[in-house]
1. Can you give the extra length, in nm with one decimal, that the chain gains between Glu17 and Asp213 once fully stretched, where that is 0.36 nm per residue apart less the Cα-Cα distance?
2. Could you list which residues have their amide H under 5 Å from that of Val232, counting only those 5 or more apart in sequence or on another chain, with H placed in the peptide plane?
3. Based only on Cα atoms, what mean projected area does the convex hull of the range 150-228 have, in nm²?
4. Looking at the P(r) of the range 235-366, how many percent of alpha-carbon pairs lie beyond 26 Å?
5. List the aspartates and glutamates whose alpha-carbon lies under 12 Å from that of Lys103, not counting same-chain residues fewer than 8 positions away?
6. For the chain, treating each Cα as an identical point scatterer without solvent, what Debye log10 I(q)/I(0) comes out at q = 0.08, 0.12 1/Å?
7. Given the pairs Lys78/Lys131; Lys247/Lys390; Lys131/Lys167, which span a C-alpha to C-alpha distance of over 26 angstrom in this model?
8. Quick check: pseudo-label points 7 Å beyond the Cα along Cα→Cβ at Tyr154 and Glu255, how many nm apart are they?
Amino acid sequence: MSSIQIRTEIPGPISQELMARRKKAVPQGPFHVSPIFAERAEGALIHDVDGNTFIDFASGIGVTNSGHNHPQIVAATKAQLEKYIHTSFNVVPYEPYVAVAEKLNALAPGNFEKKTFLANSGAEAVENAIKFARSHTKKQAIVCFDHAYHGRTYMAMTLTAKSVPYKHGFAPFNPEVYRAPFPYLYRWASGNSQDYDGDELNVCKEAFRAFKDVIECQIGADQVAGVIIEPVCGEGGFIPVPKPFMKLLENYCKEHHIVFMLDEIQTGFGRTGNFFAAQHYGVEPDLLILAKGLAGGMPLSAVTGRADILESAGVGGVGGTYCGNPVACAASLAVLDLYESTDAMEHCRMLGRELSQRLERWSREYEIVGDHRGLGPMRAVELVKNRSTKEPYKEAVGKIIKRSYENGVICIGAGTYGNVLRFLIPLTATPEQLHEGLDVVEAGIESLCPMQAIK
Ligand code: PMP
């Protein structure tokens, strides 16, 4: 049976009315991908105020990994609401915060003593990770990468690579932030998407040389407090860090007493088919930065890592009124329990395999699909106007997204060049829902590019 139900023109009349109110009351800054207004959601489905049902391929930007309104998460959240909503951990502490910290300490890779600090948003966790790195090393410089996205507060925005729209008009940015090139395999390798893997080692060597140049020629290794990287660039276009490069970074950081920080805000909690993407790489970050999937949609973020690094901030040095809110912690404990007590991770991997096969086929059949890539179910296609020049086909992404929501699938774009279509499906989606949604997206691709087998 079909999951998608489209009963009105999209957007329907009530959504249109709400959009008119939104335009009057809310500034244009907070962008939205689709013009429909949510009424309720469950699993992989969002129902709008006009009675239409959509398959959600965005998960609220990679948050509802455990599905919308999972009954266990809702029950745990309600139970906590009945007890107390807020006391502030800085005033009267409570057990759910400690329990989340204990679980994350146990789950994070690395056989060393760990501690966890909780905050509210991803950006806030990034800010705090930088504070820990600086107070621990007593050094200042932070190295980040091209194509990075770390959030919108001033430090997180400074670390973010893309100017428009994230940084445009908001200068000046924070000092002592340096940017190194990111080994973007598809765009660095000489071959096209089907045969670039052979270039991986050379690309990694080149990128590592450039990284060392940034440090050794511009900063001085003894001045660097931390290196921050996403295992798979999220907003930057779902570009996985090639494995050898990640290992080179980890080793360099170890050698030079630099805090190695992985921003797993988008890659965590099953999104890449492992609990954390770090596990794909076999690395042990000093600090793991978490948010999104951590609490199933409640605002919660975390910095988990080496105890001595987290202990370097003095009493009262980090914190905040809402940091580690008890209702968000209760939701998080339910999320973590779902991974522990069910075969959720196996389901994530199965979705990843299905998605990978489908996108691989698209890259063979549709000229505009220049690359398909990702880790587990965190996957994307990069659209190009010409496979040889790899000229980005940004307009196609907008058209496909619009055509998709009009036909019952919510999906989102990404990419420094705006030409990536990314899939962030709730990781509880059934294979039938996945393929029904992909049929809609594929029709959008096909409408721009008549099917054409590439020899
Ligand atoms: N880092 C990464 C890798 C992200 O994907 C995001 C959010 N897209 C952030 C940081 C910022 O998180 P938040 O929006 O919760 O501040």
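Bear in mind these aren't lab numbers, they're just calculated from the coordinates by the rules spelled out. These numbers come from a predicted model, not from an experiment. Don't worry about glycine lacking a Cβ; one is built from the backbone with ideal geometry, like all the others, and counts go over all protein chains shown.
1. Contour length minus Cα-Cα distance gives 65.1 nm.
2. Correct list: Val241.
3. 6.5 nm²
4. 35 percent
5. Asp337, Glu340
6. -0.45, -1.06
7. Values: Lys78/Lys131 34 Å; Lys247/Lys390 29 Å; Lys131/Lys167 21 Å.
Table pairs above 26 Å Cα-Cα are Lys78/Lys131; Lys247/Lys390.
8. It is 3.5 nm.
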